[in-house]
Amino acid sequence: MSGTMIPIAGQPHQRVCYFFDSDIGGFHYGPGHPMKPTRIRMCHSLVMNYGLYKKMEIFRAKPATKREMTQFHSDEYVDFLSRITPANIGGFSKEQHKYSVGDDCPVFDGLFEYCSISAGGSMEGAARLSRDKCDIAINWAGGLHHAKKSEASGFCYVNDIVLGILELLRYHPRVLYIDIDIHHGDGVEEAFYTTDRVMTVSFHKYGEYFPGTGELRDTGIGKGKGYACNFPLRDGITDQNYKTIFEPVITEVMHSYKPSAVVLQCGTDSLSGDKLGCLNLSMRGHASCVKFVKSFNLPLLLLGGGGYTMRNVARAWAYETGLAAGVELGSEIPVNEYYEYFGPDYRLDVRSSNMNDLNSREYLERVKNIVLENIRSIGGPPSVPLQEVPRLPHDQAMDDPNQDEDMEDPDVRRSQRDRDAHVQPEGELSDSEDEGEGGRRNTKDRRVRIGSGFGIMDGMNRGKGPIHPFHIPAAVAAAAGDRSGTETPTKEKGSTNASVVGEEVAMDLDTPEPPLSTAPVVVHGEGATKEN
């Protein structure tokens with residue numbers, strides 16, 4: 001039985017594309033590691049069992065290729081990621097040190113495939129937004145904002161956000177990036193630190209906290225001066241205080257910068273009770289940021305990010321998926337594959353705790369005034385010269401999504417793609433006509449088989465002294481990339497059984513272990529200068 005969905009009154013209808021690959025939950029960073037890709041599958045289980053599939057199109061994106069990743073990352077780094085495995089790790093000791101792979105960012109089975117799925121969803125979501133195939137695109141497997149041009153960092157290997165923004169820049173003159181993860185979005189800011197084509201806005205914990213960047217005075221350099229915006233926070237900020245800074249800052253950015261597309265990174269480690277976090281936002285306080293950004297009615301790419309208390313991550317992203325689709329999910333969680341993890345109350349809610357808020361009103365007001373003054377100083381939106389949009393193979397595929405319909409079985413009444421893309425019309429009271437179609441109801445067995453340096457996990461600087469902002473090397477010119485391929489439907493929509501062949505899920509209710517398994521834009525990072 002589906003959970004309840006309450007339509008939100010007064011909101012215009014917006015087309016939503018939701019990307020999910022059932023393989024994402026089969027990857028495992030290793031025993032004891034806080035990053036657990038299974039959280040994406042837990043969120044998807046809630047999305048399906050609440051019946052949100054009736055409100056949006058669901059796609060399984062084509063995984064990103066090595067060539068597509070090198071639109072931002074260096075060729076050598078991407079090649080290293082594609083070749084290293086737990087079996088041959090001994091032969092890559094020098095490269096591991098060079099590319100910062102090993103501690104926070106371990107080598108695990110299927111590492112490159114995991115990166116491909118994450119990047120592919122963000123790039124294809126951006127492509128569909130640019131081609132006006134949807135108004136909002138969602139990829140909760142994305143949002144890995146710490147990865148650099150030639151370096152893994154903070155559980156992130158490939159920066160899907162930068163790749164998605166590069167795709168948006170083919171069609172949009174200005175893109176706004178907003179980050180509400182507890183950690184500073186350093187990888188994205190660094191990539192666009194010298195350009196005015198992208199404005200980055202990050203609200204994050206600052207002061208002896210990973211990654212150590214994101215100071216108030218870091219506003220960009222060169223042509224990008226004023227287009228990086230950082231709002232440093234202290235421990236324990238509450239919903240109300242967060243709202244008093246978030247909404248005025250974003251409103252001023254929209255007025256001064258006038259973006260034509262928005263990317264919102266929705267890291268949930270800023271929620272109360274996160275295992276690596278120290279803020280105090282409730283689920284609804286976090287979701288209010290999504291609701292506010294959505295209210296500007298700009299093309300919006302919603303991405304995941306941090307979040308290490310899995311049951312709360314799933315709750316928040318499912319609730320925000322509902323907001324994107326124009327509905328508010330009921331508080332009673334429907335029965336699903338991971339139902340036991342949401343006990344003992346089985347409610348769709350994450351409440352704030354009674355921790356002290358170290359962000360005084362005077363501090364927040366002072367920082368807000370400085371940030372607003374920096375935003376106003378840019379003097380209006382920067383202009384971009386007109387030029388022809390480059391034509392790439394996936395553009396033709398999106399112009400004619402049924403170009404391969406002649407290859408489909410004529411004896412099948414409706415293709416799987418049509419079923420996945422079906423959106424229930426407003427006012428339709430029953431979905432009984434498609435009951436059981438395409439896995440819309442999970443009829444399968446729901447039983448689960450029981451079975452070194454400063455980094456993101458350190459949380460503190462540990463007395464190593466101040467961490468200085470990253471060094472910005474010479475700018476490199478990078479063109480936007482090629483998304484060759486079209487969307488394909490999800491493999492098992494609504495049927496994400498937690499068990500995987502040959503492996504078992506450890507049913508620890510607190511920390512479950514998943515089974516193994518288009519003008520040129522200036523971007524830069526460490527590594528050799530490259531011109532795409």
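Structure data summary
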quantity	calculated
Candidate set from the stretch 258-279 (those that are among the polar types (S, T, N, Q) and farther than 17 Å from HIS184 by Cα); member that is surrounded by the most Cβ atoms within 10 Å (Cβ to Cβ)	SER272
Exclusive hit being among the small types (Gly, Ala, Ser), buried (at least 21 other Cβ atoms within 10 Å of the Cβ) and either within 17 Å of ASP160 (Cβ to Cβ) or out of contact with any Cys (no Cβ under 7 Å at 6 or more places or on another chain) (or both), set SER100, SER45	SER45
Complete set of residues in the stretch 104-139 that are crowded, with 24+ Cβ neighbours inside 10 Å and over 23 Å from HIS172 (Cα atoms)	ASP104, CYS105, TYR114, CYS115, SER116, ILE117
Filter pass, PHE80 being surrounded by 16 or more Cβ atoms within 10 Å (Cβ to Cβ), in a loop (DSSP other than H, G, I, E, B) and modelled with pLDDT of 95 or more	no
Selected residue (only one of THR194, THR213, THR200 is assigned to a loop (DSSP other than H, G, I, E, B) and closer than 22 Å to PRO381 by Cβ)	THR194
Number of the exception - PRO173 against (1) surrounded by fewer than 24 Cβ atoms within 10 Å (Cβ to Cβ); (2) within 18 Å of GLN71 (Cβ to Cβ); (3) not aliphatic (A, V, I, L, M)	(2)
Enumeration of residues in the stretch 1-37 that are modelled with pLDDT of 95 or more, of a type in the set (A, V, I, L, M, F, W, C) and either on the phi > 0 side of the Ramachandran plot or not in a strand (DSSP E or B) (or both)	PHE20, ILE24, PHE27, MET35
Given (1) over 27 Å from GLY120 (Cα atoms); (2) open to solvent by less than 30 Å² (accessible area, probe 1.4 Å), number of the condition SER352 does not satisfy	(2)
From the options GLU337, GLU320, GLU373, GLU365, residue that is over 30 Å from GLN11 (Cβ atoms), open to solvent by less than 10 Å² (accessible area, probe 1.4 Å) and either modelled with pLDDT of 95 or more or charged (D, E, K, R) (or both)	GLU337
Qualifying positions in the stretch 145-160 - open to solvent by 10 Å² or more (accessible area, probe 1.4 Å) and within 24 Å of ALA316 (Cβ to Cβ)	SER153
Selection count, the stretch 105-123, where residues are out of contact with any His (no Cβ under 8 Å at 6 or more places or on another chain), farther than 18 Å from ILE161 by Cβ and either of a type in the set (Asp, Glu) or in a loop (DSSP other than H, G, I, E, B) (or both)	3
Test: TYR193 is at pLDDT 95 or above, open to solvent by 10 Å² or more (accessible area, probe 1.4 Å) and closer than 24 Å to GLU76 by Cα	yes
Extreme residue, farthest from TYR206 (Cα to Cα), among residues of the stretch 219-257 that are among the small types (Gly, Ala, Ser) and crowded, with 22+ Cβ neighbours inside 10 Å	GLY224
The stretch 60-77 - residue that is open to solvent by 10 Å² or more (accessible area, probe 1.4 Å) and not in a loop (DSSP other than H, G, I, E, B) and, of those, nearest to CYS17 (Cα to Cα)	ARG60
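The values are calculated or read from the model by the stated rules, or taken from the named source; none is laboratory data. These figures come from a predicted structure and were not determined experimentally. Note that each Cβ is placed from the backbone with ideal geometry, even for glycine, and that neighbours are counted across all protein chains shown. Side chains included, ligands, DNA and RNA excluded: accessible areas come from the protein's heavy atoms. Shrake-Rupley method; radii C 1.70, N 1.55, O 1.52, S 1.80 Å.
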